[in-house]
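J.: Below is the structure I would like to discuss, written out as structure tokens.
The values are calculated or read from the model by the stated rules, or taken from the named source; none is laboratory data. Predicted model, so just to flag it, every value in this text is computed and none were measured. No Cβ is skipped: glycine too gets one built from the backbone with ideal geometry, and neighbour counts run over all protein chains shown.
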Amino acid sequence: MHEGMYMRYLSEETMQRIIAFVNTYYSENGYSPTISEIARRLSLAVGTVHKYLHRMTAMEQLSFDGRHIVTPYIEEMQNRFDAPICGDIACGSPIYAVEQHDSMLPIPDALIGKGEYFWLRAQGESMINAGIENGDFVLIRRQNTAMEGEIVAALIEDSATLKTFTLDQKQKKIVLRAENDDKSRYPDQIYDDIVIQGVANYVLKRL
């Protein structure tokens with residue numbers, strides 16, 4: 001009887017205001033607000049907020065364990081990772097390596113493993129057979145080693161390029177191979193030594 005009486009006094013508007021405030025607070029601070037902060041912001045009694053949170057948990061509108069509040073928006077934010085865009089990288093002749101965190105792009109956490117990641121914006125057409133076109137964003141896992149056949153972001157002196165990493169065992173050379181059928185424009189690049197900045201994992205492109 002008490003539960004039924006309480007149900008009649010639940011306000012849909014109040015529930016939506018609580019969710020909106022919790023989401024905004026999380027976006028600005030990186031964690032959910034306290035019950036007191038919700039009560040103060042929405043001009044509600046602390047006990048009223050407490051009751052709403054427990055009832056909204058039962059209704060699966062959010063999750064409240066007595067301390068932390070998790071809305072669907074917060075759950076989504078917690079399951080993603082923001083990686084910096086570190087500038088442009090050549091898909092052609094090497095260009096000067098740019099290391100500038102001018103903005104961030106999110107990555108769904110389920111797509112990546114442990115490690116440090118960053119985005120590079122591809123320039124040129126040398127990797128089109130690998131699905132990397134001019135203007136695409138390439139997700140790079142930062143590491144200084146690579147397996148043969150992997151696409152690497154490589155630093156040669158002060159220039160960076162994105163190519164397939166291969167080895168010439170006879171000459172004991174490193175070969176950076178373009179993925180383009182026009183070998184007259186995109187020949188193999190042969191080096192004694194390079195610095196591997198990372199290995200390409202995913203490509204983000206505009207359709």
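J.: Between Ile156, Ile112, Ile140, which is over 16 Å from Tyr186 (Cβ atoms), at pLDDT below 85 and among the β-branched types (Val, Ile, Thr)?
T.: So the residue among Ile156, Ile112, Ile140 that is over 16 Å from Tyr186 (Cβ atoms), at pLDDT below 85 and among the β-branched types (Val, Ile, Thr) is Ile112.
J.: Scanning the range 41-74 for residues that are free of Cβ contacts under 8 Å to residues at least 12 places away in the same chain and charged (D, E, K, R), which turns out nearest to Tyr25 (Cα to Cα)?
T.: Filtering the range 41-74 for residues that are free of Cβ contacts under 8 Å to residues at least 12 places away in the same chain and charged (D, E, K, R), the one nearest to Tyr25 (Cα to Cα) comes out as Arg67.
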